[in-house]
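Chemist: The structure is given below, and queries will be raised subsequently.
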Amino acid sequence: MGNNGYIIKAEALKKVYHLYAEEIVALKGINAAVKKGEFVSVMGPSGAGKTTFLNLVGCLDKHTEGRLEVLGSDLNSLNENQQRNMRLHHLGFVFQEFFLVKELTALENVQLPIIFADDYKNLGWAKHLLERVGLTKRMNHFPKELSGGEMQRVAVARALANKPDILLADEPTGNLDTKNAQGIYDLFRQLGKEESITIVAATHNVKLGYQADRVIHLREGSIEKDEVIVKF
Ligand SMILES: Nc1ncnc2c1ncn2[C@@H]1O[C@H](COP(=O)(O)OP(=O)(O)OP(=O)(O)O)[C@@H](O)[C@H]1O
Ligand SMILES: [Mg+2]
């Protein structure tokens, strides 16, 4: 892996969006490093750069300046194919809006990343994950036959289906009630430890955010505070 055990390493990471004639500096040159297996919350007001940071780490967008290493690779030096490979085999994503495929059952939704990764021998893993998130009896339901909390659990199972090294979650509980939101964070903590998955989750929810090992506070594109959470 290189990088002294860091799975994500941002150095003077800058992201500028160009919108018409306007330049928007979403990240102003941040430094942050995340260790394998760490659970990190990214918090901060709307517009602080949380989604921008997750999208860069997730190979969904390219940074403008500085360096961003994920699993020892400098992301801007990867070609399209290598980026795709990173997303398919090493990264998992959970979004606020679930993004389940409505024509597919819960089980098929979770199998999708395994099929995309051409890893058919591991199709059974999808079933295991749905059992793990407490949806044994919902596997053959279509998204419209699931509650919001159940859909988000399917989305979490799907994000884990390719056995990612890093799980990226952008406001994963924004559409859930307190109990379901807590359930998702419990799952992150347990599965993260069991599978030694590194988790980076953006949230506005202070109570949930502080359940991580660390909280990175962003404000106006800069890191305001990088806080290790000591648990007793
Ligand atoms: N595609 C884009 N083009 C231009 N500007 C953008 C784009 N995406 C984000 N921005 C701007 O970059 C800044 C950071 O946005 P970002 O989405 O990262 O914030 P955020 O912390 O995720 O906010 P929220 O809590 O509302 O989700 C904002 O000022 C936003 O308006
Ligand atoms: Mg956002």
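Chemist: Does ARG67 satisfy the condition of being over 21 Å from GLU171 (Cα atoms), under 19 Å from the mean Cα position of the chain (by Cα) and surrounded by fewer than 18 Cβ atoms within 10 Å (Cβ to Cβ)?
Modeler: No; evaluated as a whole, the condition is false for this residue.
Chemist: Name the residue, out of LYS144, LYS127, LYS121, LYS102, that is surrounded by 14 or more Cβ atoms within 10 Å (Cβ to Cβ) and either basic (Lys, Arg) or assigned to a loop (DSSP other than H, G, I, E, B) (or both).
Modeler: Among LYS144, LYS127, LYS121, LYS102, only LYS127 is surrounded by 14 or more Cβ atoms within 10 Å (Cβ to Cβ) and either basic (Lys, Arg) or assigned to a loop (DSSP other than H, G, I, E, B) (or both).
Chemist: I need a count of the residues in the range 34-67 that are over 24 Å from ILE229 (Cα atoms) and either among the basic types (Lys, Arg) or more than 10 Å from ligand 2 (Cβ to nearest atom) (or both).
Modeler: Residues in the range 34-67 being over 24 Å from ILE229 (Cα atoms) and either among the basic types (Lys, Arg) or more than 10 Å from ligand 2 (Cβ to nearest atom) (or both): 11 in total.
Chemist: Here's something else I'd like to know. Which of the numbered conditions does THR203 fail, given that it passes all the others? Conditions: (1) of a type in the set (Ser, Thr, Tyr); (2) closer than 26 Å to GLY124 by Cβ; (3) within 16 Å of ligand 1 (Cβ to nearest atom).
Modeler: (2)
Chemist: Does ALA12 meet the test of being away from ligand 2 (no atom under 16 Å from the Cβ), free of Cβ contacts under 8 Å to residues at least 60 places away in the same chain and of a type in the set (Gly, Ala, Ser)?
Modeler: Against the criterion (away from ligand 2 (no atom under 16 Å from the Cβ), free of Cβ contacts under 8 Å to residues at least 60 places away in the same chain and of a type in the set (Gly, Ala, Ser)), ALA12 qualifies.
Chemist: Return the pair list, or none, for Cβ contacts closer than 6 Å from residues in the range 16-35 that are under 14 Å from VAL200 (Cβ atoms) to residues that are at pLDDT below 95 and small (Gly, Ala, Ser), at least 6 apart or on different chains.
Modeler: Between residues of the range 16-35 that are under 14 Å from VAL200 (Cβ atoms) and residues that are at pLDDT below 95 and small (Gly, Ala, Ser), the close pairs are LYS35/GLY5.
Chemist: So how many residues does the range 14-33 have that are among the charged types (D, E, K, R), farther than 23 Å from ASP226 by Cβ and either out of contact with any Phe, Trp or Tyr (no Cβ under 9 Å at 6 or more places or on another chain) or buried (at least 20 other Cβ atoms within 10 Å of the Cβ) (or both)?
Modeler: 1
Chemist: Would it be correct to say that GLU11 is in a loop (DSSP other than H, G, I, E, B), more than 16 Å from ligand 1 (Cβ to nearest atom) and surrounded by fewer than 16 Cβ atoms within 10 Å (Cβ to Cβ)?
Modeler: It is false that GLU11 is in a loop (DSSP other than H, G, I, E, B), more than 16 Å from ligand 1 (Cβ to nearest atom) and surrounded by fewer than 16 Cβ atoms within 10 Å (Cβ to Cβ).
Chemist: Go through the range 33-61 and give me each residue that's in a loop (DSSP other than H, G, I, E, B) and either within 12 Å of ligand 1 (Cβ to nearest atom) or aliphatic (A, V, I, L, M) (or both).
Modeler: GLY44, PRO45, SER46, GLY47, ALA48, GLY49, LEU60, ASP61
Chemist: Please determine whether any residue of the range 158-176 is free of Cβ contacts under 8 Å to residues at least 40 places away in the same chain, farther than 18 Å from VAL110 by Cβ and surrounded by fewer than 23 Cβ atoms within 10 Å (Cβ to Cβ).
Modeler: yes
Chemist: Follow-up question, since we're still on this one. Within the range 62-99, work out how many residues are of a type outside the set (Gly, Ala, Ser) and part of a strand (DSSP E or B).
Modeler: Adding up the residues that qualify gives 10.
Chemist: Which residue, of ILE223, ILE197, ILE216, ILE184, is surrounded by 18 or more Cβ atoms within 10 Å (Cβ to Cβ) and within 18 Å of GLY149 (Cβ to Cβ)?
Modeler: The unique qualifying residue is ILE184.
The values are calculated or read from the model by the stated rules, or taken from the named source; none is laboratory data. Small disclaimer: the values here were computed from a predicted structure and weren't measured. Backbone-built Cβ (ideal geometry, glycine too); neighbour counts: all protein chains shown.
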